[in-house]
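Just below is one structure, and these are the notes that go with it.
The values are calculated or read from the model by the stated rules, or taken from the named source; none is laboratory data. Because the structure is predicted, anything quoted here is derived from the model rather than measured. Reconstructed Cβ throughout: ideal geometry from the backbone, glycine too, with neighbour counts over all protein chains shown.
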């Protein structure tokens, strides 16, 4: 299915859900913890969500049944594949390697007296020459009239010296090299096509040290390449501006960051979506802990801002984490809704918190640092049906990474000139 058709089919289903519900983009966005503009981009097809969880929650809010949710997930899967294909760089073309029919991958022998082209091999003197059956043929050890100076034909009386020549039945070195190169390029294209660091649950069991492993009664997934308001973010990249591609749309940030080896600059936003597996059994979330596994000096790389600043009418509730503290805590922070005539507070998530299969929850974590290159992960404590456990939340099996940007050379992208230009104000805003 073409990219535009897959994305448009998905966007049409999202629009139908929104129209059936009747609520505004702002009202639905508040329930989904996304901005009204982000939800509008989902409906218009300008953006495909990085994960299905936010769309599934929209379907639940709008009263979709199980069959409609399955159709919606199938449409999202096709649209997400189209988005990833568009974001992945195409592998370089390999020159064609031609092999003559019936050559058995061995170069043919030159005719006696003919010139030997550079890079070819003399014929094997131990094999009969079907083109020269005459026993009175000239001695092959004598140079013929067309043999280049300094080149001699093979001596049949001398023992065969090791030569860089394929034997019959063995693959030619050029063909082997080409096959290896094609395998390497295919592996590289696969890795570049899936750089988005999105981990999906459920994990097989609780991972807390010292606890007995038990199956998780809930599923979880993360989004680790999020931008503030869907438009503002800073990355640290160890490249000159001329070697950095223009900013992507937020939905393709994972591919862009993976290609450039980018690290979150100043702040990393991580969204954890938790959903129970049983409609009759609630899962209680008790606490969210931050574990810093490594601290180093902030990276001395250039900072690239994805925009010149943006804002939205809704500030989602979240957990604020100060990675510069000796023992960082996940502090719950209220959200704000300024879409109406009055600013309304969105109460922060307060533990213990209950989730079920029909009432999932999204936990947004904002981890900031000014002066360290920090690697960290999260631990979520839970209980259900008399069981307890702790699940470790990582970035695809590796710690999350955030580095400070203070004092770093910063750049913003000038769309009119099509290049990155210096932004001297970043140090003041960090």
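For this structure, a couple of remarks:
- Residue that is modelled with the highest pLDDT, among those in region 16-30 that are outside any loop (DSSP other than H, G, I, E, B) and surrounded by fewer than 15 Cβ atoms within 10 Å (Cβ to Cβ): 19
- Which numbered condition residue 401 fails, given (1) more than 28 Å from residue 242 (Cβ to Cβ); (2) at pLDDT 95 or above: (1)
- Filter result for residue 337 (closer than 23 Å to residue 247 by Cβ and in contact with a strand residue (DSSP E or B) (Cβ under 9 Å, 6 or more places away or on another chain)): no
- Top-ranked residue in region 323-334 [being part of a loop (DSSP other than H, G, I, E, B) and free of Cβ contacts under 8 Å to residues at least 24 places away in the same chain; ranked as nearest to residue 290 (Cα to Cα)]: 327
- Residue check for residue 314: at pLDDT below 90, surrounded by 14 or more Cβ atoms within 10 Å (Cβ to Cβ) and touching a strand residue (DSSP E or B) at 6+ places or on another chain (Cβ under 9 Å): yes
- Filter result for residue 350 (within 26 Å of residue 292 (Cβ to Cβ) and either free of Cβ contacts under 8 Å to residues at least 40 places away in the same chain or not assigned by TED's automatic domain parsing to the domain that holds residue 302 (or both)): yes
- Taken over region 31-70, the criterion of being over 24 Å from the mean Cα position of the chain (by Cα), surrounded by 19 or more Cβ atoms within 10 Å (Cβ to Cβ) and outside any helix (DSSP H, G or I) is satisfied by 64 alone.
- Hey, residue 344 in contact with a helix residue (DSSP H, G or I) (Cβ under 9 Å, 6 or more places away or on another chain), without any contact (Cβ under 8 Å) to a residue 60 or more places away in the chain and either farther than 24 Å from residue 56 by Cβ or surrounded by fewer than 19 Cβ atoms within 10 Å (Cβ to Cβ) (or both) or not: yes
- Within region 351-386, being in a loop (DSSP other than H, G, I, E, B) and either touching a strand residue (DSSP E or B) at 6+ places or on another chain (Cβ under 6 Å) or under 11 Å from residue 287 (Cβ atoms) (or both) holds for 351, 352, 356, 357, 360, 369.
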